[in-house]
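Read through the structure below, which is laid out as structure tokens, and then see the notes.
Each reported figure results from applying straightforward, stated rules to the coordinates on display, with no laboratory input. All of these numbers come straight from a predicted model, not from anything done at the bench. Ideal geometry is used to build each Cβ from the backbone, glycine not excepted, and the neighbour counts take in all protein chains shown.
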Amino acid sequence: MLILGVDTSCDDTSIATLKIKNQKSKIKDIEVLSSVVSSQEKLHAKYGGVWPAMAQREHEKNLVFVLEKALKEAKSIGQKENGNGKKITEKKQKTLSKILEREPLLKENLLKFLNKYQKPKIEAIAVTIGPGLEPCLWQGLNFAKALAFMWEIPIIPVNHLEGHLVSCFLQKTGKNFQFSIFNFQKKIWPAMGLIVSGGHTQLVLIKKIGDYKIIGQTLDDAAGECFDKTARILGLGYPGGPKIATLAAKATSLPTPNYQIPNNLPRPMMSSKNFDFSFSGLKTAVLYTWQKIPQKQKTSKMKTALAHEIQQAIIDVLLHKAIRAASTFKAKSFLLCGGVSANKELRKQFSEKLKAEKPSLGLLTAENGFFTDNGAMIALSGLCNLKKKQKFPFKNIRANGNLNI
Ligand code: KG4
Ligand code: ZN
């Protein structure tokens, strides 16, 4: 079975093709036939953050090209030859125009695509319906609705956050992947999940896939947002997470006097009894610290030292709360996911601390390439929800920017 996964929740246009080899078996061998991410990073870098209206337009422009690339990489597409393949009827065109009435460019690109290629062997389309930037979500959803209508296949609405959580179960075995949740079964539940992304920082108690309870979350900025905003203060560019991580990795090689910054940064809410987070105070502390440093001392070494301290402050808080949450709720495993989990140092310190303090707790993270937003995790979440799939009509599927897990 082939499932397409589509994500346009923020500034990446992502589409993946997943092949599920043994659909009926509990342990599913999965091949990620393709995972294409068209990043808008460069565009938004000029503005230091994502501008939703611009991101929406980019999705509208990119979606069909990303689809074509994903299907080509998956070797799952064939061109229509003369007389081969039905023409799109007027009736169908009318419905398509209705679905994409607000996306004229997307409609035009899609019609060209549908006229050029035969229907692939895709059996379902999983698409993110939230949370995220609502105008962007609608692009992906309407695109999926249009495709599902034309190909006459079901559409599976997916929660982006569940996508991040299940990305931890897509484990590499040789060239392929295995959806390995069924390997551990009872041994992993309940699991504690920490979703750390640009829009979310949440601790989620997971009794099983589909059974989630948020036990703590950020009261203001998300961890990724803190990376992005503090990087902007230091003039490092967007997205800030990878920029800070790269600089921070250089910090330990600095000679000691340069390695010092005026004050250690705060670790907000680290000792509060609940499981909530707050990162906006850390951002403000970085701003004040940076403003107090005399211009002459604002060297690249100073930036490096500060980047290291920012990263460590975020890691300290995340680690402390996450491990306490896992203990309190007697979790048997830990899922660390979301764009910020791309941070090597975070994963390293997480793994070391767990080994030292909770050796029985297995740590699961995504594989390289699947930390930040991608279509594979959406397809995977779609696979988990396949029973709940919605067939025609799918008019009532709506995007919701504030969707909860
Ligand atoms: O999950 P994601 O791709 O999108 C959202 O759902 O928000 O996460 C994006 C976030 C951004 O804030 C980005 O700065 C952060 O993940 N990020 C990182 C790293 N790579 C991406 N943060 C810290 N270290 C990294 N290496
Ligand atoms: Zn995400």
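Quick notes on this structure:
- Between 0 and 90°, nearest 10: helix 223-233 axis offset from the chain longest Cα axis: 70 degrees
- Computed helical MRE - 222 nm, the chain, DSSP H runs ≥ 4 contributing -39500 (n - 2.57), nearest 500: -13000 deg cm²/dmol
- Average Cα contact separation per residue, the range 187-365, under 8 Å, 6 or more apart, as relative contact order %: 30 percent
- GluC sites (Glu not before Pro) within the range 1-87: DSSP coil, no more than 14 neighbouring Cβ in 10 Å: E81
- Label-point separation, I293 to K187 (7 Å along Cα→Cβ), nm: 4.6 nm
- Per-residue ³J(HN,Hα) for the range 146-154, Karplus 6.51 cos²θ - 1.76 cosθ + 1.60, θ = phi - 60°, Hz, x for Gly and Pro: 5, 5, 4, 5, 5, 8, 6, 10, x
- Only aspartates and glutamates eight or more places from K273 in sequence, or on another chain, were considered; those with a Cα closer than 18 Å are D220, D316.
- Straight-line cross-link reach from K250 at under 18 Å between alpha-carbon atoms covers these lysines, not counting any fewer than eight positions away in the same chain: K298, K301, K303, K344, K348.
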